[in-house]
Amino acid sequence: MEYETIRIRKIEGTCGLCEEYSEKNSTVPPKIAILSCEGACARGEVSRRAANLVAHSLAKEETVRICLGGAFTKNTGQRSLVRRAEKCLAIEGCFVSCATRMMQGVLPDLIPEVILADTLYDEPLPFGIDEVSDETFSAYARQVAEEVVAKYIKK
Ligand code: SF4
């Protein structure tokens, strides 16, 4: 296995909203942590919307939405949510699996269930989110989210 080594500049302070959400969702037993690539492209947009649907609507009680950037760059509440979760689902936009690989960089023992969202809908999507309608994003995100919930959360 080959690795890239990066240095992340530390900063003082935390995001209050992120920490408040993390604290509120640090339940016992821990909630299932929902990661997504949060990507800029249309496939990332589907995974991001699907992750939001799972954590904020379809399985609100069972799951918590992780801020990937926060959990990756700071060792505070969001990373803790992933560290203490007994189960972690990474809804990835594509095979690059950014969310999984980023989090494994800071939590080497993490073994999430990886869902490649782009394998769950038929149409290959372009990069630009301006080339895909809002209705299509909503439909694909719901399709992905419903499958994730049925397979990994409410079995
Ligand atoms: S990782 Fe893949 S899905 Fe995510 S933004 Fe980049 S290209 Fe898109």
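Can you tell me how many residues within segment 24-42 are open to solvent by 30 Å² or more (accessible area, probe 1.4 Å) and within 16 Å of the ligand (Cβ to nearest atom)?
Matching residues across segment 24-42 total 2.
Conditions (1) within 13 Å of the ligand (Cβ to nearest atom); (2) in contact with a strand residue (DSSP E or B) (Cβ under 6 Å, 6 or more places away or on another chain); (3) closer than 25 Å to Thr5 by Cα; (4) among the hydrophobic types (A, V, I, L, M, F, W, C), marked per residue:
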{"residue": "Cys67", "(1), (2), (3), (4)": "no, no, yes, yes"}
{"residue": "Ala85", "(1), (2), (3), (4)": "no, yes, no, yes"}
{"residue": "Ala99", "(1), (2), (3), (4)": "yes, yes, yes, yes"}
{"residue": "Leu107", "(1), (2), (3), (4)": "no, no, yes, yes"}
{"residue": "Pro124", "(1), (2), (3), (4)": "yes, no, no, no"}
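Name the residue that is most open to solvent (accessible area, probe 1.4 Å), counting only residues in segment 72-95 that are within 25 Å of Lys154 (Cβ to Cβ), outside any helix (DSSP H, G or I) and not acidic (Asp, Glu).
Result: Lys87.
Taking Asn52, is it within 16 Å of the ligand (Cβ to nearest atom) and either among the aromatic types (Phe, Trp, Tyr) or not in a strand (DSSP E or B) (or both)?
Numbers: within 16 Å of the ligand (Cβ to nearest atom): yes; either among the aromatic types (Phe, Trp, Tyr) or not in a strand (DSSP E or B) (or both): yes.
Yes; evaluated as a whole, the condition is true for this residue.
The values are calculated or read from the model by the stated rules, or taken from the named source; none is laboratory data. Here the structure is a predicted model, which means the values were calculated and not measured. Note that each Cβ is placed from the backbone with ideal geometry, even for glycine, and that neighbours are counted across all protein chains shown. Keep in mind that these areas ignore ligands, DNA and RNA; they rest on the heavy atoms of the full protein, side chains included. Shrake-Rupley method; radii C 1.70, N 1.55, O 1.52, S 1.80 Å.
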